[in-house]
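Asker: Sharing a structure, written as C-alpha cells. Questions coming.
The values are calculated or read from the model by the stated rules, or taken from the named source; none is laboratory data. Given the structure is predicted, the values throughout are model-derived calculations rather than measurements. Here Cβ is always computed from backbone atoms with ideal geometry, including for glycine, and neighbour counts include all displayed protein chains. Surface areas here come from the heavy atoms of the whole protein model, side chains and all, with no ligands, DNA or RNA. Shrake-Rupley method; radii C 1.70, N 1.55, O 1.52, S 1.80 Å.
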Amino acid sequence: MKRLTSGVAVTLTLMLAGAPAAMAQDPAPTGGTTVSPTPGTPADGSGTTTPADPSDGTTPAAPPASAVSATKTVKLTRAQNKKIQKRVHVRADGAIGAKTRVALRKYQSARKLTKTGRPNLETIKAMKMPFATTVEQKLTGTSNGTTTPAAAGDLTAVIAAAQSVIGTPYVSGGNDSSGFDCSGLVVFAFKKAGISLPRTSFEQYEEGTAVQKADIQPGDLVFFSTAGAGASHVGIATSATTAISATTKGVMEHRIDDDYWGAAYVGARRVSATASSSGTTTSR
C-alpha cells in the first residue's frame, strides 16, 4: 500500500507540472468554447478586419444618370425659333405665339409626338434641326450649360479668311470678295471654316454664348452699336483687344476698346460649330 501511494503521488505531481505548459500553448476562450475565426478577421486579435471581396469578383455598378425629359419645353434663340416656325409654315418672327403653338401641336400630332405645342428636344430632333445636338448637350449637362466651342483649327480658318479680304470695299448687302457689309463678312469667314451663321448682326448676336470683355479670344464675335441701337455692327476678334470688320472704309483690323469702338461696344459671343444659318436680311 505504501509503494502504491508513492506511485500515485509521483503521477499526480507530473500531471500538475505539465498542465501550465499545455494551457499556455492552447488557451481556451473565456466561455470554455473554441471559436473558429471568421473570414477577414486577423489572427493577431487587433480588431481590424479586411473586407471580403464580392462573391462574383465584380465592382457594383454606379447608379444610372437621371433621364432627360425629351418633352420638356426648351429655351431657344430667336434665330432657332424662326427655323422651327418655317418648318411648320407660320410667320417666322422668332416669337412662339398662339399661331406657332397651334402649328406645332398639329406637327406633333401628325408625327405621333407628345402634343405640347412648344419646342422640345423630341420635336426638334424629329425636325432634324442642326442645333438639336447642342440643345441635348445643354439638357444633359455634358457641356456644362454652354455650347461646344469650335475647334482651334476652325477659329484659325475663320480669322485667316477675314484677314485675306482686308482692304475689300464696303458694300451694303455684300458677302463676297467684291464687297462686304459687316455681317456679310462674318458669314463669309465662318463659312470658310464650315460654320453657318444667320445673316444679320442682330441675329448673330443671339448665337452661341456670351463672353465677358476681359475673356475675348480670337474667333469670338464682337458687337458694336454704330448704325442704330443694339448690335448693329459686328466684327471678328483677332486678339483680346483687336478685331476685323467691314467698316464704311472697307474691311480693316481695328481696336475693340479705342475711343470710337470702345464707346460703341455692346458685347461678345462665342459661337459653336453647330450654329445654323437663318434669315437673309442684311445689316450694316
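Asker: Residues of the stretch 68-79 being among the polar types (S, T, N, Q) and under 14 Å from Glu136 (Cα atoms), which ones?
Answerer: Of everything in the stretch 68-79, those that are among the polar types (S, T, N, Q) and under 14 Å from Glu136 (Cα atoms) turn out to be Ser69, Thr71, Thr73.
Asker: Now for a separate question. Among the residues of the stretch 204-217, write down those that are of a type outside the set (A, V, I, L, M) and open to solvent by 20 Å² or more (accessible area, probe 1.4 Å).
Answerer: Tyr205, Glu206, Gly208, Thr209, Gln212, Lys213, Asp215, Gln217
Asker: What is the one condition in (1) acidic (Asp, Glu); (2) over 25 Å from Val135 (Cα atoms); (3) under 23 Å from the mean Cα position of the chain (by Cα) that Asp176 does not satisfy?
Answerer: (3)
Asker: Return yes when Ala193 is modelled with pLDDT of 90 or more and either under 27 Å from the mean Cα position of the chain (by Cα) or under 22 Å from Asn81 (Cα atoms) (or both) and no when it is not. Write out each step before concluding.
Answerer: Working: modelled with pLDDT of 90 or more: no; either under 27 Å from the mean Cα position of the chain (by Cα) or under 22 Å from Asn81 (Cα atoms) (or both): yes.
Spelling it out, it is not the case that Ala193 is modelled with pLDDT of 90 or more and either under 27 Å from the mean Cα position of the chain (by Cα) or under 22 Å from Asn81 (Cα atoms) (or both).
Asker: Give the stretch 102-125 a look and list any residue that's buried (at least 16 other Cβ atoms within 10 Å of the Cβ), under 29 Å from the mean Cα position of the chain (by Cα) and part of a helix (DSSP H, G or I), or say none.
Answerer: Leu104, Gln108, Leu121, Glu122, Thr123, Ile124
Asker: Scan the stretch 126-136 for residues that are under 17 Å from Glu206 (Cβ atoms) and either crowded, with 18+ Cβ neighbours inside 10 Å or modelled with pLDDT of 90 or more (or both) and jot them down.
Answerer: Matches in the stretch 126-136: Met129, Phe131, Thr134, Val135.
This table checks each residue for (1) out of contact with any helix residue (DSSP H, G or I) (no Cβ under 9 Å at 6 or more places or on another chain); (2) over 20 Å from Tyr205 (Cβ atoms).
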{"position": "Ala79", "(1), (2)": "no, no"}
{"position": "Val90", "(1), (2)": "no, yes"}
{"position": "Arg101", "(1), (2)": "yes, yes"}
{"position": "Lys106", "(1), (2)": "yes, yes"}
{"position": "Lys112", "(1), (2)": "yes, yes"}
{"position": "Lys115", "(1), (2)": "no, yes"}
{"position": "Ile124", "(1), (2)": "no, yes"}
{"position": "Lys138", "(1), (2)": "yes, no"}
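Asker: Can I ask one more? Any residue in the stretch 69-89 that is open to solvent by less than 100 Å² (accessible area, probe 1.4 Å) sitting within a Cβ distance under 6 Å of a residue that is part of a loop (DSSP other than H, G, I, E, B) and of a type in the set (Phe, Trp, Tyr)? List the pairs, counting only those 6 or more apart or interchain.
Answerer: If the second residue must be part of a loop (DSSP other than H, G, I, E, B) and of a type in the set (Phe, Trp, Tyr), the pairs left are Gln80/Phe131.
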